[in-house]
Amino acid sequence: MKRRQFIKKGALTGSLFAFGGAAFGAELITNPKFESQSKHSFHLKYAPHENMFKAHAGGSIIDQLEFMADQGFTAFEDNEMRNRPVEVQKEMAKVMEKRGIEMGVFVAHKIYWREPNLASGKQEWRDEFLQYIKDAVEVAKRVNAKWMTVVPGHVDLRLHKSYQTANVIETLKRAGAILEPHDLIMVLEPLNFRDHPGLFLAESPQAYQICKAVDSPSCKILFDIYHQQIQEGNLIPNIKACWEEIAYFQIGDNPGRNEPTSGEINYKNIFKYIHSRGFSGILGMEHGNSIPGKEGELRVIAAYKEVDDFV
């Protein structure tokens with residue numbers, strides 16, 4: 001299964017909460033004449049992804065963007081943006097600009113899940129990666145994006161970890177030199193050992209060390225709260241320790257990788273801390289819906305209203 005393809009779970013027991021009546025909440029969202037009343041003002045920039053609200057908005061990505069804006073979301077992320085036709089990218093950018101939606105991350109390159117492409121130091125893999133970064137600059141300009149996700153690939157079992165780290169740093173320095181003139185940022189995403197065993201980059205302190213060594217404003221951390229809950233826990237202290245190198249967050253509750261309030265993570269406290277630090281960036285909603293269909297989509301919206309109510 002490809003990364004970012006989420007398996008939607010079966011309906012959970014219990015009824016929808018935090019709406020003051022699910023039927024009334026559904027009417028506000030689905031009836032166009034109530035759109036202005038249903039629009040919510042969030043404290044942080046939460047970014048849904050494609051098909052998160054498909055049951056309400058339909059299959060068109062443009063209609064989905066319109067629906068997201070109607071609910072008060074001011075950001076959007078799209079891991080597959082670089083693979084979309086240029087004309088679709090332009091159309092999406094036009095709608096996002098019109099509706100006040102800021103573009104979040106897209107994945108900048110082909111991710112190697114089993115091969116040590118950056119850790120190995122092999123020139124052909126380095127050259128391929130840097131070409132992807134050059135191409136990503138044009139995508140970013142086209143869709144008004146600032147951030148792009150980078151995953152260094154698998155560990156190289158034939159090399160000491162220190163040599164692998166040096167190889168990754170050298171490649172990222174060269175990528176930073178490509179991005180800096182355009183004020184673009186690659187965000188390094190550590191991924192957990194359970195879902196993605198064997199990857200080179202797994203923990204936030206490791207990402208912090210690499211960013212310090214690369215020493216570029218174009219190389220920062222994507223702190224995925226779901227991944228780091230599994231990998232290392234101690235979430236707020238680790239966010240605090242890495243703060244100066246974090247440029248982007250992603251969200252998912254654990255277990256299940258669904259919306260906040262569906263698992264064990266206290267997202268209200270985490271978002272309160274992030275907000276207290278004056279974070280003005282984007283928090284990508286990189287998770288599935290715990291309940292299928294329209295009911296599940298309403299639950300996602302309700303969950304974000306609940307955990308965003310920290311002031």
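Some notes on this structure:
- Residue-level analysis places residue 263 outside the set of residues that are at pLDDT 95 or above, surrounded by fewer than 18 Cβ atoms within 10 Å (Cβ to Cβ), over 21 Å from residue 45 (Cβ atoms) and small (Gly, Ala, Ser).
- With respect to being buried (at least 23 other Cβ atoms within 10 Å of the Cβ) and among the polar types (S, T, N, Q), residue 228 fits the description.
- Number of residues in the stretch 264-291 that are among the hydrophobic types (A, V, I, L, M, F, W, C), in contact with a strand residue (DSSP E or B) (Cβ under 9 Å, 6 or more places away or on another chain) and part of a loop (DSSP other than H, G, I, E, B) equals 2.
- Residue match in the stretch 103-113 (condition: part of a helix (DSSP H, G or I) and exposed (fewer than 15 other Cβ atoms within 10 Å of the Cβ)): no
- Among residues of the stretch 114-139, those that are within 20 Å of residue 206 (Cα to Cα) and either basic (Lys, Arg) or loosely packed, with under 13 Cβ neighbours inside 10 Å (or both), counted: 1
- Residue in the stretch 122-142 that is within 29 Å of residue 281 (Cβ to Cβ), not small (Gly, Ala, Ser) and not in a helix (DSSP H, G or I) present: no
- Cβ-Cβ contacts under 8 Å between residues 6 or more apart (or on different chains), taken from a first residue in the stretch 87-111 that is on the phi > 0 side of the Ramachandran plot to a second residue that is part of a helix (DSSP H, G or I), are listed as 100/69.
- Breaking point among (1) over 20 Å from residue 288 (Cα atoms); (2) modelled with pLDDT of 95 or more, for residue 24: (2)
- Matching residues, the stretch 201-218, being assigned to a loop (DSSP other than H, G, I, E, B) and over 19 Å from residue 182 (Cα atoms): 201, 202, 203
- Here residue 199 qualifies as closer than 18 Å to residue 112 by Cβ, in contact (Cβ under 8 Å) with a residue 60 or more places away in the chain, more than 16 Å from the chain's Cα centre (by Cα) and surrounded by 20 or more Cβ atoms within 10 Å (Cβ to Cβ).
- Selection within the stretch 231-256: residues that are in contact with a Pro (Cβ under 9 Å, 6 or more places away or on another chain) and either small (Gly, Ala, Ser) or in a helix (DSSP H, G or I) (or both). The member of this set that is nearest to residue 300 (Cα to Cα) is 252.
The values are calculated or read from the model by the stated rules, or taken from the named source; none is laboratory data. Here the structure is a predicted model, which means the values were calculated and not measured. FYI the Cβ positions are ideal-geometry reconstructions off the backbone, even for glycines, and counts take in every protein chain you see.
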